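Okay, so here's the structure we're looking at.
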Amino acid sequence: MPDALPENSVGLVTPELYRFEEPLTLRSGKVLKAYDLMVETYGTLNAAKSNAILICHALSGDHHAAGYHSMDDKKPGWWDVCIGPGKPIDTNHFFVVCLNNLGGCAGSTGPASINPDTGTWYGPDFPVVTVRDWVNSQARLADRLGIQQWAAVVGGSLGGMQVMRWSISYPERVRHAIMLAVAPKLSAQNIAFNEVARQSITADPDFHAGRYREHEVLPKKGLMLARMVGHITYLSDSAMREKFGRVSDELKQASLNLGRDLRAGKLSFGFDVDFQVESYLHYQGERFSETFDANTYLLMTKALDYFDPSVDYDGDLSKAFANSDCRFLLMSFSTDWRFPPERTREIVTALLKAGKQVSYLEIEADQGHDAFLLPVPRYMQSLTTYLNVIKDEVGA
């Protein structure tokens, strides 16, 4: 990181741990007697407590959405492009809250936490959590912070599903629901990718049926493979060509940039890493396996698989939104094949059928599903414009 913090950064931030002693009954019927939530906040809550925005993280995200934890950090929080002074979610005007969801591995209670009933790690004994469970715990956090209504709840991918659930479960507590790169539920193909990732983890000899910490090992190989599979689905073909396809001008003119740069300039004629894309996936998987908990990955992918708000409404998503009072903004990205634009339009159609106020924008972007995390100009401009309207509404 630079010697000095960028002017538009929220700066150095310190997470705060919130303890909840009130039992939380999960959708599965199991009960968490008590739990912790790790939280970061940016900006200042106004006197009316009307300027708060909740950020919901995606599968591998956490509470650290913006700024730096120390001057030694090499990278800022995962959504630093959007959160900070003068950025789309402007901390000069908004009080921004982001937490690590239950079941996570960045400080909130999850499989890597100690089970008070046994004195050892929860591991596979940690109950399966759903998006609905997360939103219920987030509502308790809002109560603790004295926030009766969010100016906006914002999230992309799995985070966008949490936004949707907020608008259904707590319609009176959300003023604006902003969903990015989202689908009403997973397709069979998406569930299949998640199952391949889970099988990669559980088949690792070091997994030990989820009790790897008791054996003082980690299923790094399995988690690495799971991340590699997932990462492929987050990128578009054009993004891969751009990233890994330095080719001659002649081939570029012929649109034959196949994204297959050699790593060492020559073929090994074996099964070693020959191409830059292979090296990149190995690097991403290795880095992820060192920081993320395998049991948490299993839980997060299951939460994705189980999400379907229409299940309680005879399969009619529009009925799920019947009591929603908020206004909706949805954005999709043209090359996102994990949650393609037509899946987001399903939500838009359901909202219109329910008579709700909804704005929808499809962004031309080459970056695939990951585009919602990146500073795509039209996306940044559109988000800024919408949030400026919210700022004026709530007197932020």
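Here is how the numbers come out for the structure above:
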read-out: Mean Cβ neighbour count within 10 Å, used as a protection proxy, ranking 99-108, 14-23 highest first; value: 99-108, 14-23
read-out: For Rg and Dmax of the Cα atoms in Å, calculated from these coordinates, the label among [x] 61.3, 194; [y] 21.3, 67; [z] 28.6, 98; value: [y]
read-out: Leu374 versus Met71: modelled label distance in nm, points set 7 Å from Cα along the beta carbon direction; value: 3.3 nm
read-out: Of the trypsin sites (Lys or Arg not before Pro) in segment 30-78, those whose Cβ has at most 14 other Cβ within 10 Å and which sit in DSSP loop; value: Lys30, Lys33, Lys74
read-out: Compactness of segment 268-380, expressed as Rg and Dmax over alpha-carbon positions, Å; value: 19.1, 62
read-out: Gain in span if fully extended, Lys49 to Glu393, counting 0.36 nm per residue against the direct Cα distance; value: 122.5 nm
read-out: Chain lengthening between Arg144 and Asn8 when straightened (0.36 nm per residue, less Cα-Cα); value: 46.1 nm
read-out: Chain lengthening between His231 and Glu346 when straightened (0.36 nm per residue, less Cα-Cα); value: 38.9 nm
read-out: For a label point 7 Å along the Cα-to-beta-carbon line of Glu290, residues of segment 86-129 with backbone N under 19 Å; value: 105-106
read-out: Lys, Arg +1 and Asp, Glu -1 on Cβ, resulting dipole of the chain about Cα centre, debye, nearest 20; value: 560 debye
read-out: Mean residue ellipticity (222 nm) of the chain, computed from DSSP H runs ≥ 4 via -39,500 (n - 2.57), nearest 500; value: -10500 deg cm²/dmol
read-out: Probe 1.4 Å, protein heavy atoms only - accessible area per residue of segment 28-123 in square angstrom; value: 36 Å²
read-out: Largest-first principal axis extents, alpha carbons of segment 65-177, Å; value: 47, 42, 27
read-out: Pairs from Lys356/Lys391; Lys87/Lys356; Lys185/Lys319; Lys74/Lys185 whose Cα-Cα separation, in the structure shown, is over 25 Å; value: Lys87/Lys356; Lys74/Lys185
read-out: The chain - percent of accessible surface contributed by carbon and sulfur, probe 1.4 Å; value: 51 percent
read-out: Residue-normalised accessible area of segment 134-231, given per residue in Å² at a 1.4 Å probe; value: 34 Å²
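The values are calculated or read from the model by the stated rules, or taken from the named source; none is laboratory data. Here the structure is a predicted model, which means the values were calculated and not measured. Neighbour counts run over all protein chains shown; Cβ positions are idealised from the backbone, glycine included. Note: accessible area is taken over every heavy atom of the protein model, side chains too, but ligands, DNA and RNA are not part of it. Shrake-Rupley method; radii C 1.70, N 1.55, O 1.52, S 1.80 Å.
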